[in-house]
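First, the structure itself, so that you have it in front of you.
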Amino acid sequence: MSSLYNLKIRYDVLNSSLDSYLAPELSEIVLNNPKVPDIYRDPAKFFSITYLTDTMEKLINEVISTFKNGTYGKTILLYSFFGGGKTHTLIFLYHLFKFPNVAKEYRFDVPNNVKVVVIGGRDSNTAPSPLDKLQVGDTTIQTLWGYIAYSLNKYDLIKDLDESLTSPEAERIRKIIGEDKVLIIIDEIAFYLSRIATSPYTEYYRQCLNFFELLAQLTNSLPVVLIISLPAQYAPDLKDIISEKGYEDVVGALYRRVKRVAVNFWSPVSSDVDLVNVLKKRIFEDVNPPIDLIQQYEKNIEKFKDKLNEDEIKKLASYYPFHPYYIRVLENLLKYNESLQKNRDAIRITRMVVRNLWKERPHRDLILPSDIDLRKQEFQNLLLKDFSMFKGPLDEMIRKTKGLAVNFYIANYIFLSTYIYKLGLAPNEYNSLLPTDKDVATALYDLAFLNSSNLTPEDVIKKLDDLTKGGSLDKGEVVPFLIEKDNRYWFTFWADPRKLCSNEAKGISDLDVLNKFKEITKDLALKGIGKQRQGPEILKLGDVIDNLDNLLLDDDKGYKLYISISPISEFDLESKATEFIFYKASGNSKAPRRYANSTVVLLSDNTQLRDEIQSYIKEWLGCNRVDISKYWSKEDNVVRDLAKKYIEDYKNYLDGEIRNKLLQYYTKIAYPIDSNKINITDLSSVSNQRVLAVDVEETLVNNKILKTINFDTLKYYFNDVLGIKDISNNNQRKVSDIIEMFYVNPKLPFVKEDDIINAIKEGVENLEIGVMINGRVYFKKIENSDFSVTPDAIILNPEHAAELQINDLINEGKEIQEGDKVIKEYWVLVNDYEQEIELSELKNDPNKLDKLRLGKLTKKRREVEKGVEIQVEPNEIEGEIGEIKKVKLKVYKIGSYEGKVSVESDIFGRKEIEPNFEEEIPVTIDQDKEIRFTLHYDNRVKYSTLRVVVKKRENVIEVPPKQIPQQGSIQLIEISLEGVKGNSMLSIIQDLKRIVGKKTITSEFTIDNKKDKIGNFKIINNDTMNFISFLQNELPLFGSDSEIRGRITIYVEGNQISQSDREVIDKLLRKDKPDNFSIIFKIMVM
């Protein structure tokens, strides 16, 4: 990167908010205003950023020597227009004499005994008046002489004259000064006097002039230096001063009163060298011109002597890092643009330039004149304040050079150099001031920039020719309003064909403008900028409407975007948008929308921008009406064709501006979030092509719009947002009901219907819900059971879905007679252990849902014997003693059996029955037992057994699978060994030894050395120490590779689980333990 960016910028330059404090008021420094940057308030920092011009240095030396070398003072007038460095110079003097010790550190031999009084004419705290009195405690000060006396602690000597607004006589002034050495600094006095002169206190104004006249005369006999700054400059031809506009009378009056005794000092910054050095000092920490770079420039100029201004390039050594033409352009701007405040704005402009350069880092060795980049609004605001007629030509220039950096830099330099003269089609007396092609090439002479663009100065001149007369309008090279004549270049604001469009625009009706406004808005909503792009996924464009005052009749399903073209005030925005979103038109009144979660509104609150867009549209429509033949005859073919091209270009430009401004215009989105409650958010520009509907959609993603939704998210909105825990509504809710809820309830997001359906299908696939479609239940996946969720599908909770599916599958079971054979087809559930569970058994299992989720449904086919089967459902019951449970006893045929059947049990004895038989039998739980039901037929016997279990009140848990309880005691530890190494076994027992409490070990295991030796061991009621000693003795006999297989049970008599116990359990249950080792802790929960 260029050495330019190696320069260190002063820390304040990069802070744009400090631009407004480039020239703080002197009074702000005196009062130590904390808003003023410390580089102005701190004397050492202020000295370090100040470049002393010859004028400043002479003035400082004059004041110091006056105080050091004599008993009398003098009056000094400091002249400069606003921004010329007066206040900066006075702040420097203030710091010198207010902080003499700091001044001495910077080699200023300032005496210590000088009192400093400052009058800042814009601040009543340092310049009170009858208009703005200064109240200090009980003292009210209303004159300048009263303030000076008060500052010197002698207000009592002049109190009467302060109260009467009468200027003091000589003797009174002498008493106020006494023998003190006093520096009186007066700034912005012209502002002060101009206010008084036009107020009811005109007599006080005359008294002020008298006071200054007398005080100035007395400085020749008193130890007082009086410095007064005036917004004026000397005109040698008039041998008089020229005052800043608006201050002529008061400056002239004051000047005439004091000029006879005053010493004059003219503008502190008066030459281009002064300006360069001031900018270097204010912008950079330190600047050392790179000698090698300067020599390279001077050497390179030999190649292009006839294309470059050699004299200007030779200034590089003293101007670096500024291109000499940068300073030239800056000086001309300050001279001819009366809205600029000389050096103040020179610093402001340069700060802006440097910030942009250091941010964007273009290829640069130097700071070029075109780095005053008029594409940036901040420069336009500052430089075109009094040149609004050039806004159009500038816009054209920027448009024509867009994306063509070199073209822009050429045109920008010429614009900056010439717009200040307000030229038409002839340069007249300004001809010699206008740039030539050599000036243009020199202004862009930056080797880093040219090399990066692969250009030479000669190429720059060729491009300049293209921009004026040698280029092609079709290629967009010719820049309108850029004129060339006799190798002089300038910008004009004349001959603008757009005026024809403006004239025709006056006849365009508001209705035509409104319709075009809607048409372009609709185009932007669906297509964006340029060719048609992909539109929104969820939102549909409802309509582009005039405003929100007229409610719509529409109340249909679907997420719709309405765009209101009329701006709405911030005060009305929420109420109008709320009514529009939640209500529809109903006769002469309104009614709530059913689909209250279906409407989004895009709108604006920017009336000013609306008016601007309408003016652009009116101008565009005006261009359509322009009849070129009315302005140029057929003989003027060239001019006529050029005018046509200009107008067509202008129309394209207007169209682009209208669309870009419309994209800026629509900034607010209103959408529903609760019952009669909306949220208003800012529109984000997220789509590359700026399709408004897409921008709205993307802005609302994750706030109101969900592009995707899964079943977990669906559950969240039902459970947590709506408070609906059962998404199935007790197995009565349809999918269409859920879709409907998303359109109806504003608490829910906007979601595509297909996404809701897919989320529900995911819930089925995850076995969290089931669905019933056309009478068939879908829950647990079975063979050939692919399905599509339809809006009329009924949602089932998982328990009900499991029950219905099991019943359906049981009912699907059938017997097929094949000759003498009976083939039975039926469904079974296969668990993780490859065990088959009959669905008739599973049906009555209280854990059927969990088992169904974990297992696999498989269809079986087997041959069965003809006859009769007996079955009791369920085959196991559990309850507390005395509780009565009911079971079903079923006896059914297999095949076509017609014989006699009886059934027998301890409950009802023996009885004959007719299959198919089913009976509900009550069973009283009294103890753990088995009840046998016996079936008799054809001298054959079959059984079905019912297991009865007394439910135990247990509070012992197993870890794992459960977690360690907060309170409890370890009762039992069970260890299973499947080939654990001996050393690992010892380590395990050593860890378990740390568990608190008495431990008794019972074990049965084998030790196998995998070669020729196996030992079988059975140990009963051993303690851990003896067990460890046993292992330590036995294991060496089998060798280090020996393995242990078997079980070990440890009974523990302990108290509450300790932290040490938890650490042991965690360690032995960690994930990286061997696969051939498992352990279970049985813990009594307290």
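The values are calculated or read from the model by the stated rules, or taken from the named source; none is laboratory data. Source: prediction; values computed, not measured. Ideal geometry is used to build each Cβ from the backbone, glycine not excepted, and the neighbour counts take in all protein chains shown.
So which residues in the stretch 538-548 are in contact with a helix residue (DSSP H, G or I) (Cβ under 7 Å, 6 or more places away or on another chain) and over 17 Å from N597 (Cβ atoms), if there are any at all? Working first, answer last.
First, the residues of the stretch 538-548 that are in contact with a helix residue (DSSP H, G or I) (Cβ under 7 Å, 6 or more places away or on another chain): 538-539, 541, 544, 548.
Of everything in the stretch 538-548, those that are in contact with a helix residue (DSSP H, G or I) (Cβ under 7 Å, 6 or more places away or on another chain) and over 17 Å from N597 (Cβ atoms) turn out to be L541, V544, L548.
Another one. Kindly indicate whether T75 is polar (S, T, N, Q) and buried (at least 22 other Cβ atoms within 10 Å of the Cβ).
On the way: polar (S, T, N, Q): yes; buried (at least 22 other Cβ atoms within 10 Å of the Cβ): yes.
Answer is yes for this residue.
While we're here: Test each condition in (1) touching a strand residue (DSSP E or B) at 6+ places or on another chain (Cβ under 9 Å); (2) in a helix (DSSP H, G or I) for H95 and report the one that comes out false.
(1)
Now for a separate question. Among the candidates D1061, D1041, D1012, single out the residue that is outside the structural domain of T924 (by TED's automatic domain parsing) and either under 60 Å from the mean Cα position of the chain (by Cα) or in a strand (DSSP E or B) (or both).
Working: D1041 fails: either under 60 Å from the mean Cα position of the chain (by Cα) or in a strand (DSSP E or B) (or both); D1012 fails: either under 60 Å from the mean Cα position of the chain (by Cα) or in a strand (DSSP E or B) (or both).
Result of the check over D1061, D1041, D1012: D1061.
Which condition number does V63 fail, the rest of (1) in a helix (DSSP H, G or I); (2) more than 30 Å from G246 (Cβ to Cβ); (3) not small (G, A, S) being met?
The single condition V63 does not satisfy is (2).
Could you check, for the stretch 198-208, whether at least one of its residues is within 54 Å of the chain's Cα centre (by Cα) and surrounded by fewer than 23 Cβ atoms within 10 Å (Cβ to Cβ)?
Step one: of the stretch 198-208, the residues within 54 Å of the chain's Cα centre (by Cα) are 198-199.
Still in the running and surrounded by fewer than 23 Cβ atoms within 10 Å (Cβ to Cβ): 198-199.
Yes: one or more hits.
Could you check the stretch 790-807 and list, in sequence order, the residues that are surrounded by fewer than 20 Cβ atoms within 10 Å (Cβ to Cβ) and part of a helix (DSSP H, G or I)?
Across the stretch 790-807, the qualifying residues are E799, H800, E803, L804, N807.
Tell me, which helices (runs of 4 or more DSSP H) lie completely within the stretch 661-776 with 1 or more residues that are touching a residue at least 12 places away in the same chain (Cβ under 8 Å), under 33 Å from the mean Cα position of the chain (by Cα) and more than 24 Å from P536 (Cα to Cα)? Give the derivation first.
On the way: elements: 692-700, 711-716, 735-744, 753-765.
Counting at least 1 such residues, we get 711-716.
If you don't mind, another one. Search the stretch 21-41 for residues being farther than 21 Å from I186 by Cβ and surrounded by fewer than 16 Cβ atoms within 10 Å (Cβ to Cβ), and hand back the single one that is modelled with the highest pLDDT. Walk me through it before giving the result.
First, pick out the residues of the stretch 21-41 that are farther than 21 Å from I186 by Cβ: 21-22, 34-35, 37-39.
Those left that are additionally surrounded by fewer than 16 Cβ atoms within 10 Å (Cβ to Cβ): 34-35, 38.
On the way: P34: 88, K35: 85, D38: 85.
Here the residue is P34.
Regarding the stretch 246-258, can at least one residue be identified that is at pLDDT below 85 and either among the β-branched types (V, I, T) or in contact with a helix residue (DSSP H, G or I) (Cβ under 9 Å, 6 or more places away or on another chain) (or both)?
Among the residues of the stretch 246-258, at least one is at pLDDT below 85 and either among the β-branched types (V, I, T) or in contact with a helix residue (DSSP H, G or I) (Cβ under 9 Å, 6 or more places away or on another chain) (or both), which makes the answer yes.
Of the residues that make up the stretch 468-483, is at least one modelled with pLDDT under 90, buried (at least 19 other Cβ atoms within 10 Å of the Cβ) and either of a type in the set (K, R) or assigned to a strand (DSSP E or B) (or both)?
Yes, some residue in the stretch 468-483 is modelled with pLDDT under 90, buried (at least 19 other Cβ atoms within 10 Å of the Cβ) and either of a type in the set (K, R) or assigned to a strand (DSSP E or B) (or both).
Next question, about the same structure. Out of R348, R375, R361, I need the residue that is under 32 Å from the mean Cα position of the chain (by Cα), surrounded by fewer than 23 Cβ atoms within 10 Å (Cβ to Cβ) and closer than 29 Å to P231 by Cβ. Which one? Please lay out each step first, then the result.
Working: R375 fails: closer than 29 Å to P231 by Cβ; R361 fails: closer than 29 Å to P231 by Cβ.
Every option except R348 fails the conditions.
Restricting attention to the stretch 596-605, which residues are surrounded by 18 or more Cβ atoms within 10 Å (Cβ to Cβ) and either of a type in the set (S, T, Y) or assigned to a loop (DSSP other than H, G, I, E, B) (or both)?
Keep residues of the stretch 596-605 that are surrounded by 18 or more Cβ atoms within 10 Å (Cβ to Cβ), which gives 596-604.
Within the stretch 596-605, A596, N597, S598, T599, S604 qualify.
In addition: If the requirement is being crowded, with 20+ Cβ neighbours inside 10 Å and either assigned by TED's automatic domain parsing to the domain that holds E753 or at pLDDT 90 or above (or both), which of these qualifies: R593, R610? Spell out the reasoning first.
Details: R610 fails: crowded, with 20+ Cβ neighbours inside 10 Å.
So the residue among R593, R610 that is crowded, with 20+ Cβ neighbours inside 10 Å and either assigned by TED's automatic domain parsing to the domain that holds E753 or at pLDDT 90 or above (or both) is R593.
Out of the stretch 531-583, which residues are exposed (fewer than 14 other Cβ atoms within 10 Å of the Cβ), part of a helix (DSSP H, G or I) and of a type in the set (S, T, N, Q)?
S575, the sole residue that qualifies.
Only one of these is touching a residue at least 40 places away in the same chain (Cβ under 8 Å), closer than 21 Å to K376 by Cα and not in a loop (DSSP other than H, G, I, E, B): L357, L340. Name it. Even if it seems obvious, please write down each step before you answer.
Values: L340 fails: not in a loop (DSSP other than H, G, I, E, B).
Only one candidate passes the filter, namely L357.
Might you let me know whether the stretch 854-873 holds any residue that is closer than 25 Å to D928 by Cβ, more than 60 Å from the chain's Cα centre (by Cα), among the hydrophobic types (A, V, I, L, M, F, W, C) and surrounded by 16 or more Cβ atoms within 10 Å (Cβ to Cβ)? Lay out the reasoning, then the answer.
Pass one, the stretch 854-873, residues closer than 25 Å to D928 by Cβ: 870-873.
Subset that is more than 60 Å from the chain's Cα centre (by Cα): 870-873.
Filter once more, so that each one left must be among the hydrophobic types (A, V, I, L, M, F, W, C): 870, 872.
Filter again for surrounded by 16 or more Cβ atoms within 10 Å (Cβ to Cβ), leaving 870, 872.
Checked the stretch 854-873: at least one residue is closer than 25 Å to D928 by Cβ, more than 60 Å from the chain's Cα centre (by Cα), among the hydrophobic types (A, V, I, L, M, F, W, C) and surrounded by 16 or more Cβ atoms within 10 Å (Cβ to Cβ).
Just checking, does the stretch 1032-1049 include any residue being touching a helix residue (DSSP H, G or I) at 6+ places or on another chain (Cβ under 7 Å), within 27 Å of P965 (Cα to Cα) and modelled with pLDDT of 80 or more?
No, the conditions are met nowhere in the stretch 1032-1049.
Here's another thing I want to ask about it. Can you work out which of the residues in the stretch 262-284 that are outside any helix (DSSP H, G or I) and closer than 25 Å to Y11 by Cβ is modelled with the lowest pLDDT?
Keep residues of the stretch 262-284 that are outside any helix (DSSP H, G or I), which gives 262-271, 284.
So of that shortlist, the ones also closer than 25 Å to Y11 by Cβ come out as 268-269, 284.
Values: P268: 63, V269: 57, F284: 90.
If we take residues in the stretch 262-284 being outside any helix (DSSP H, G or I) and closer than 25 Å to Y11 by Cβ, then V269 is modelled with the lowest pLDDT.
Now for a different question. Give the residues of the stretch 810-842 that are over 23 Å from V891 (Cβ atoms) and of a type in the set (D, E, K, R), sorted by residue number. So that I can check it myself, show each step before the final result.
Filtering the stretch 810-842 down to residues over 23 Å from V891 (Cβ atoms) leaves 818-819, 829-835.
Within the stretch 810-842, E818, D832, E834 qualify.
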